[in-house]
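Input: a single structure, listed below in structure tokens.
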Amino acid sequence: MPLTDTAREAERERIARHVLDLVKERGAEVPWSVAMSESGLTRARFESLFADYDDLFDAVAQTWFAPQLAVMEEVLASSLPPQRKMYEFFCRRFVISRERFRADPVFFNTLCEMGAANFERVRSYVDLADHYLCELIAEAQAEGFFAGLEIDEALSLINQMISNYTLPDALIYLGDKLTEQKLARIVDTMFIGLSGEAGADAAGVNALKVAS
């Protein structure tokens, strides 16, 4: 009997969570054949849920990133002032990653390695975060922040300034050196000084000029 769309998505999520459990248990990416044999499903039913390994990986990634997507959308829909909204956009995702890292550093590192090895499969989540960030930048600019900068330029600058709080691997190397308090200072500094009003020779700074 064919599954309804709702039942099919629920079954895909169940298998994806099981695959994450297998990765945690074995400390390595789980091959397609193992995921199928450990799923408790017939080959035909498993293949009706997942067209191939990439499709399975997409389901696992969707399950893993679901909490981050939820908090981004929650922050985006909020009526917080621009500075606080930008801080919450980064901080809530950082806290999720930090809690996961502290709960099981080995598992967290394994998933980072999986993400790096399959980056083209997770690129859409990076692109979506950038899309949401562009919306936050536009909202901030409407209130006078990031003056003189194109949205794409502000996006690039902010991503580079905040990368330690968005790249999961940074937790592996920096650990407790990353804090909410430091993140708040970084966001405050961005809102105070990040602009293009100083001109092309010294965009966004008061006195420092970069030699061409």
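Structure notes:
- Across 37, 79, the residue with the most accessible area heads the list, and the full order at a 1.4 Å probe is 79, 37.
- The spread of Cα positions in the chain, taken along each principal axis and listed from longest to shortest, comes to 66, 36, 34 Å.
- Pairwise centroid distance, computed over Cα atoms, of segment 12-30 with segment 128-178, Å: 31 Å
- Over the chain, dividing the summed -39,500 (n - 2.57) contributions of all DSSP H runs of at least 4 residues by the number of residues returns a 222 nm mean residue ellipticity of -23000 deg cm²/dmol.
- Placing 110, 4 in order of accessible area, with the largest value first and a 1.4 Å probe, yields 4, 110.
- Dipole of segment 14-118 computed with +1 at Lys/Arg Cβ and -1 at Asp/Glu Cβ about the Cα centre; of 67, 27, 118, farthest Cα towards the positive end is 67.
- Largest accessible area first, the listed residues 135, 73 line up as 73, 135 when surface is computed with a 1.4 Å probe on the assembled protein chains.
The values are calculated or read from the model by the stated rules, or taken from the named source; none is laboratory data. Keep in mind the model is a prediction, meaning the values are calculated, not measured. Every residue, glycine as well, gets a Cβ built from its backbone with ideal geometry; the counts of neighbours run over all protein chains shown. Accessible surface is based on the protein model in full, side chains and every heavy atom, while ligands, DNA and RNA are left aside. Shrake-Rupley method; radii C 1.70, N 1.55, O 1.52, S 1.80 Å.
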